[in-house]
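The values are calculated or read from the model by the stated rules, or taken from the named source; none is laboratory data. What you are looking at is a predicted structure, and each value in this text was computed from that prediction instead of being measured. Positions of Cβ are generated from backbone atoms using ideal geometry, with glycine treated the same way; all protein chains shown enter the neighbour counts.
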Amino acid sequence: MRAVRFVPLALLALLLAGLVWRLATPGDTTVGSKLQGQPVPAFALAAALRAKPGLSAADLAGGKPRLVNIFASWCVPCIGEVKVLQALKARGVAIDGIAVRDRAEDVADFLARNGDPYERIGSDPQSGVQISLGSSGVPESFVVDGRGVIRYQHIGAIEQADMPLIMAKLEDAK
Amino acid sequence: MKRVVLALALMAAWPALADSNLPPAFWSDRQLPDPRQEAQAQALMDEIRCLVCQGQSIADSNAELAGDMRDLVRRRIAAGEKPAAIRSWLVQRYGSWISYKPTDEPAAWPLWLAPLGLLLVGAFLLRHRIRLRRS
């Protein structure tokens, strides 16, 4: 019965150990979309640029997998991502863009500076479609198969090192 | 010399802008004309977690995405949608993570059972104390 005395101390030690462990290895704070494996919710976005068509859910069910990239001209990591998207495009990947909270002149300027890997760009001025896709920031990308089903979500910029992963996900979506 | 230049350069540095150039969405910081609907919207916004400032509700957060979500909530309430339907629409997309309201999923059972457990422990301790005193 004497040992019972040390129970509070042991609990305290356990609590401290837990706290130290969490401090040393912070948890993952990214919020993934729960729509993976489900069809893209219906949407129709006006064109972000006059020279390019807008984007709707129907465009994403055209029989071939596509990469939907959520970006913005005011997003710094998006600048570096364009180069990688260009490289994916060179390998035959069809890429569409959703420009979040953006103006036509800013998008045009962004593409003129960094390159333009997009076939279509929809303008999402109040993040409505971004929210309906379960995306929580820019940049994010979705691999959508030919039937319009979301197969993979990539949170953050697609880096050079992520290219094989993205290619594999697009291959799986065929 | 190098240090001076570096210090001057640092003084001129500007934090990278992480916000868009567009104004906030119409209903993000504006109350609905119908006070009953606004109260419903406010109650829901207090319980929806901001995706950017993850410790805050969208009612408290100044993030643009939170503003857009307040706009979305107010628009849907004004259109006659029930708060519970809007919450479940968001949970479908972001998981129960997005809602501050505890769910009845098995993962939350310890949360609901903890008060009962603590009451039992308290009763046990009390009984022990009373017995000690009597003896």
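A few points about this structure:
- The residues listed here are A:Leu67, A:Leu49; of these, the one that is away from chain B (no Cβ under 13 Å) and in a strand (DSSP E or B) is A:Leu67.
So that you can scan it fast, the table gives a plain yes or no per residue for (1) in a loop (DSSP other than H, G, I, E, B); (2) surrounded by 10 or more Cβ atoms within 10 Å (Cβ to Cβ):
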position: A:Leu9; (1), (2): no, no
position: A:Leu12; (1), (2): no, yes
position: A:Arg22; (1), (2): no, yes
position: A:Pro26; (1), (2): yes, no
position: A:Val31; (1), (2): yes, yes
position: A:Pro41; (1), (2): yes, yes
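- A:Gly148 being within 14 Å of chain B (Cβ to nearest Cβ) and in contact with a helix residue (DSSP H, G or I) (Cβ under 9 Å, 6 or more places away or on another chain): no
- Of all residues in region B:79-96, exactly one satisfies the criterion of being more than 18 Å from A:Lys34 (Cα to Cα) and either of a type in the set (Lys, Arg) or within 13 Å of chain A (Cβ to nearest Cβ) (or both), namely B:Lys82.
- Enumeration of residues in region B:26-65 that are more than 10 Å from every other protein chain (Cβ to nearest Cβ), surrounded by 13 or more Cβ atoms within 10 Å (Cβ to Cβ) and in a helix (DSSP H, G or I): B:Gln37, B:Glu38, B:Ala39, B:Gln40, B:Ala41, B:Gln42, B:Leu44, B:Met45
- Scanning region A:52-64 for residues that are farther than 13 Å from A:Gly146 by Cβ and either crowded, with 20+ Cβ neighbours inside 10 Å or within 14 Å of chain B (Cβ to nearest Cβ) (or both) yields one hit, A:Leu55.
- Single residue of B:Trp97, B:Trp109 found to be touching a residue at least 24 places away in the same chain (Cβ under 8 Å) and among the aromatic types (Phe, Trp, Tyr): B:Trp97
- Hits in region A:71-89 - residues which are crowded, with 23+ Cβ neighbours inside 10 Å and not in a helix (DSSP H, G or I): A:Phe71, A:Ala72, A:Ser73, A:Cys75
- Hey, B:Ser88 within 26 Å of A:Pro139 (Cα to Cα), assigned to a loop (DSSP other than H, G, I, E, B) and of a type in the set (S, T, N, Q) or not: no
- Selection from region A:70-89 of residues that are among the small types (Gly, Ala, Ser), within 17 Å of the chain's Cα centre (by Cα) and either away from chain B (no Cβ under 14 Å) or more than 20 Å from A:Ser132 (Cβ to Cβ) (or both): A:Ser73, A:Gly80
- When residues of region A:113-125 are limited to those that are away from every other protein chain (no Cβ under 14 Å) and surrounded by fewer than 20 Cβ atoms within 10 Å (Cβ to Cβ), the one farthest from the chain's Cα centre (by Cα): A:Arg113
- Of the listed requirements (1) within 14 Å of chain B (Cβ to nearest Cβ); (2) modelled with pLDDT of 95 or more; (3) buried (at least 21 other Cβ atoms within 10 Å of the Cβ); (4) within 29 Å of B:Ile48 (Cβ to Cβ), A:Gly128 misses just one: (3).
- Criterion: within 14 Å of chain B (Cβ to nearest Cβ), crowded, with 18+ Cβ neighbours inside 10 Å and touching a strand residue (DSSP E or B) at 6+ places or on another chain (Cβ under 7 Å) - qualifying residue of A:Phe142, A:Phe110: A:Phe142
- Matching residues, region A:90-107, being charged (D, E, K, R) and surrounded by fewer than 18 Cβ atoms within 10 Å (Cβ to Cβ): A:Arg91, A:Arg103, A:Glu105
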